[in-house]
Amino acid sequence: MYKSIKIEYWTLPEGQDFDGIEEFVNEIDKDYSLTINKKRTDALGGGLYGLIIEISEDLSLTELTKSYIEDGIKLYFGFQVKEIYRNINKLFKKNKKLSPSVEQIIVKFKDCEVILYEIFEFGIEKNFEIISKELLNVASENLKLFKKIRQIHIPIFNHKDSYNICDYRVKLNVDENITAFYVKDYLKFWGIKTKNKYRVYNVRKKKLMKKMFYTQKTYDELFSWAYDNGRIN
């Protein structure tokens, strides 16, 4: 795996882009291969000019965790995220009329992916350091488990959805019935995906639970199944 940054976002059909996007591209760390993927959609509302940022690193999370245990190293990948946000905030200030946002940060290590969801404005940026430290602490206490993990979703909510079809899930793009989100939500529940299983990790109790959680994609699949089988009117 090589070091790369991929940024994806949706625009309106006329293709209005960010003012200053060229300057933004030029300021990204040249040690990373950069890809910008702009998509066009007729859909109005949420999602427009919402960035999904994927950072691929050339080391594993278990390697990083072992170094953290032995040396107490600072989170260099966290520094990279801070640098990206520094550039993003400059870009967003020039484009306030577009109401831009960051929807997800995905950090792809050689052994697993960590997916961070924006649950309120600046949620990931302001809490990245505490989330990262907690992640390494959890990993250091569960090295055997982390060798099996493919994805970690942060945060997960233990809250019935509007259609009463699931208990644990990410913040939904449509029909979200949670009315307020808080910093503490990032350190309550995480979704853990191994090769064949979905599990929920209770961060406070340091306990892996045999509970299914749903991402937006798997929730949409569950919703379609429930609708087709008369579970939803």
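Derivation of every value follows stated rules applied to the coordinates shown; laboratory data play no part. All values derive from a computational prediction rather than experimental measurement. Heads up, the Cβs are rebuilt from the backbone with ideal geometry, glycines too, and the neighbour counts pull from every protein chain shown.
Quick one: compute the contact order of region 4-228, relative version, from alpha carbon pairs under 8 angstrom and 6+ residues apart, as a percent. It would help to have the intermediate numbers written out before the result.
Numbers: 357 pairs, mean separation 35.5, N = 225.
Worked out over region 4-228, it gives 16 percent.
If R0 is 22 Å, what FRET efficiency do you get for residue 129 and residue 59 from their C-beta distance, rounded to 0.05? If you can, show how the numbers build up before the last one.
Working: r = 19 Å, r/R0 = 0.87.
Working from the Cβ atoms, E equals 0.70.
So, in nm, how far is label residue 207 from label residue 183 when the simple model puts each one 7 Å beyond its Cα toward the Cβ?
2.7 nm
Considering only DSSP states other than H, G, I, E and B, which chymotrypsin sites (Phe, Trp or Tyr not before Pro) in region 172-211 qualify as loop sites with at most 13 other Cβ atoms within 10 Å? Kindly include the intermediate steps, with their values, before the conclusion.
Numbers: sites: 181, 182, 186, 189, 190, 198, 201; in loops: 181, 182.
Hits after loop and neighbour filter: 182.
Straight-line reach from residue 144: which lysines have a Cα under 20 Å away, not including same-chain ones fewer than 8 places off?
Partners found: 66, 108, 110, 133, 193, 195, 197, 205, 206, 207, 210, 211.
Beyond 25 Å between alpha-carbons counts as too far, so tell me which of 6/93; 126/160; 97/126; 160/188; 96/160; 82/217 fall in that bin. Write down the numbers at each step before the final one.
Values: 6/93 21 Å; 126/160 27 Å; 97/126 23 Å; 160/188 16 Å; 96/160 34 Å; 82/217 28 Å.
Table pairs above 25 Å Cα-Cα are 126/160; 96/160; 82/217.
Could you calculate the contour length gain from residue 41 to residue 158, that is, 0.36 nm times the residue separation minus the distance between their Cα atoms, to one decimal place in nm?
Going from the current span to full extension adds 38.9 nm.
For region 166-233, compute Rh as the Kirkwood radius over C-alpha pairs and then the Stokes-Einstein diffusion coefficient at 25 °C and 0.890 mPa s; write the answer in µm²/s, rounded to an integer. Before the final figure, lay out each step's value.
Working: Rh = 13.4 Å.
It comes out at roughly 183 µm²/s.
Give me the extension gain from residue 227 to residue 97: residue separation times 0.36 nm, minus the current Cα-Cα distance, reported in nm with one decimal.
Working: separation 130, 0.36 × 130 = 46.80 nm, distance 3.77 nm.
Extra length available between residue 227 and residue 97 comes to 43.0 nm.
What is the Rg over Rh value, at two decimals, for the chain, using alpha-carbon atoms and the Kirkwood definition of Rh? If you can, show how the numbers build up before the last one.
Details: Rg = 18.4 Å, Rh = 19.0 Å.
In the chain, Rg relative to Rh is 0.97.
Rounded to the nearest 5, what % of DSSP beta bridges with both residues in region 4-228 are antiparallel? Spell out each step's value before the answer.
Working: 24 of 46 bridges.
Antiparallel bridges make up about 50 percent of those DSSP assigns within region 4-228.
Taking the Cβ of residue 195 as the centre, find all other residues whose Cβ is under 10 Å away and add up their charges (Lys, Arg: +1; Asp, Glu: -1). Walk me through the numbers before you get to the answer.
Details: positive: 148, 150, 193, 197; negative: none.
My count for the surroundings of residue 195 gives +4.
When 169, 231 are ordered from fewest to most other Cβ atoms inside 10 Å of their Cβ, what list results? Before the final figure, lay out each step's value.
Details: 169 26, 231 13.
Ordered by Cβ neighbours within 10 Å, fewest first: 231, 169.
Can you list the HN-Hα couplings for region 157-173, worked out from phi with the Karplus curve (6.51, -1.76, 1.60; θ = phi - 60°), rounded to whole Hz and with x for Gly and Pro?
Result, rounded to whole Hz: 10, 8, 8, 4, 6, 4, 9, 6, 10, 7, 9, 10, 6, 7, 5, 8, 6.
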